[in-house]
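Every read-out reported here was derived from the displayed coordinates using simple, explicitly stated rules and does not represent laboratory data. Just so it is clear, the structure is predicted and the values come from calculations on it, not from any experiment. Using ideal geometry, Cβ is built from the backbone for each residue, glycine included, and neighbour counts are taken over all protein chains shown.
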Amino acid sequence: MVWDNILNSNVDDSIEVTAHGLTTGDRVNISGHDSTPTVDGIRTVTVVDVNNFTVGVNITVGGTGVGTVTPVSKRFGLAAYLQVFALTGTNAVITIQESADDGATDPYAAVTGGAFTQITTAPVVERIETSLTQVVERYLRLAITTPGGFTSMDYAVMAIRYGAANAEL
């Protein structure tokens, strides 16, 4: 979802977007807005009201109706499924990592609750689920570590970010 119409930003540090639908703690990518200093970039939102939010920037000159706001996280957690078909070697650990901008300015970091159990044999099937109130960033990737070493592994992972707090897609 992208909102094409930032209506304005004000010296009270608020940014106005009609019916933004955000929740305090959501992260957004703001681009092309003309405030001073700039509010462009990945920001964490504090909601003021249905049409206004702040992003922790002390705006000294408000901007006009230019720029876009794009949400970069969901705050309802995720579920992930792992299937290991074959493992050659001792063991491996697969962890889900997240970033708001594919690592450009927000480095990838482990998703809390996003590590599968250490794999020591195959076949293996596992499902994990994070907290339903956890923010999950826009970009996900896998990190594979090996405490004891492995030569090869055939596996599949599927992750689903929930769209609502009741685990609905």
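Here are a few things to note about the model shown:
- Scanning segment 24-41 turns up one or more residues that are exposed (fewer than 15 other Cβ atoms within 10 Å of the Cβ), without any contact (Cβ under 8 Å) to a residue 24 or more places away in the chain and over 22 Å from the mean Cα position of the chain (by Cα).
- Scanning segment 1-11 finds one or more residues that are closer than 24 Å to residue 162 by Cα, surrounded by fewer than 17 Cβ atoms within 10 Å (Cβ to Cβ) and either within 22 Å of the chain's Cα centre (by Cα) or not hydrophobic (A, V, I, L, M, F, W, C) (or both).
- Any hit, segment 142-151, residues being touching a residue at least 40 places away in the same chain (Cβ under 8 Å) and surrounded by 19 or more Cβ atoms within 10 Å (Cβ to Cβ): no
- You will find that of 84, 45, the residue that is surrounded by 19 or more Cβ atoms within 10 Å (Cβ to Cβ), among the aliphatic types (A, V, I, L, M) and within 16 Å of residue 13 (Cα to Cα) is 45 and no other.
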